[in-house]
Amino acid sequence: VSIRAEDAIATELPLQVSAIDPARFRISRSGDLALDLLVFFSVAGTATPEKDYRALVSPVRIPAGAESVPLDVLLVYDELVEGTETVIVRLEPSPVVGPQPDYEIDPLHSYAVAEIIDLQQPPRPVVRIEAVAPVAERVGDRAGVRARDGRGAGAVAHAEGEAVRAAFDRAVHDL
């Protein structure tokens, strides 16, 4: 048996869009197709089942006469800004002992990865640069700049050398 990502990109669309964009894996077999085949798998990745996508249930059944079955990753919409997340499906050996046929896992196609793209983007940070003192001065080869974002968090950066002198001189010239 083997697995591949037939559609490796799913997009989390807002609820007002009347469409879905799932990812799709394909689990395939070769050889004797006369009987149903249960194929077991595990799921990992950075996406969370039931929060980011409907849980994938192992095993899947490849019916008699069929070479493959799809395994769809159906997304669950949330309003969280999450960025890109992954779903990894890895084929596992059959734990069943009995009349069910066993299978071998193709070592080159034993897992597949899909990505869930979140269309929501985090708000862009606002950066404000202000002078440390009301009058800009350069003392020797050292300069300092205080930067604050829109939430008031700040940092002071100091640098030395020729690059600082050139940048400082350009900034003063542009005033």
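Of note:
- Taking 20 °C and 1.002 mPa s as conditions, segment 1-116 diffuses translationally at an estimated 143 µm²/s according to Stokes-Einstein applied to its Kirkwood radius (Cα pairs).
- ARG24 accessible area, assembled protein chains, probe 1.4 Å, Å²: 80
- Ranked by solvent-accessible area (1.4 Å probe, protein heavy atoms only, all chains present), the residues ASP32, ASP7, ASP52 order from largest to smallest as ASP32, ASP7, ASP52.
- Computed with every protein chain present, the accessible area of SER30 is close to 110 Å² [probe 1.4 Å].
- Selected from VAL39, VAL57, VAL76, residue furthest toward positive end of dipole (segment 9-89; charges at beta carbon): VAL39
- Over segment 46-98, the ratio between the Cα radius of gyration and 2.2 N^0.38 Å evaluates to 1.47.
The values are calculated or read from the model by the stated rules, or taken from the named source; none is laboratory data. Just so it is clear, the structure is predicted and the values come from calculations on it, not from any experiment. Reconstructed Cβ throughout: ideal geometry from the backbone, glycine too, with neighbour counts over all protein chains shown. All accessible areas refer to the heavy atoms of the entire protein, side chains included, with ligands and DNA or RNA removed. Shrake-Rupley method; radii C 1.70, N 1.55, O 1.52, S 1.80 Å.
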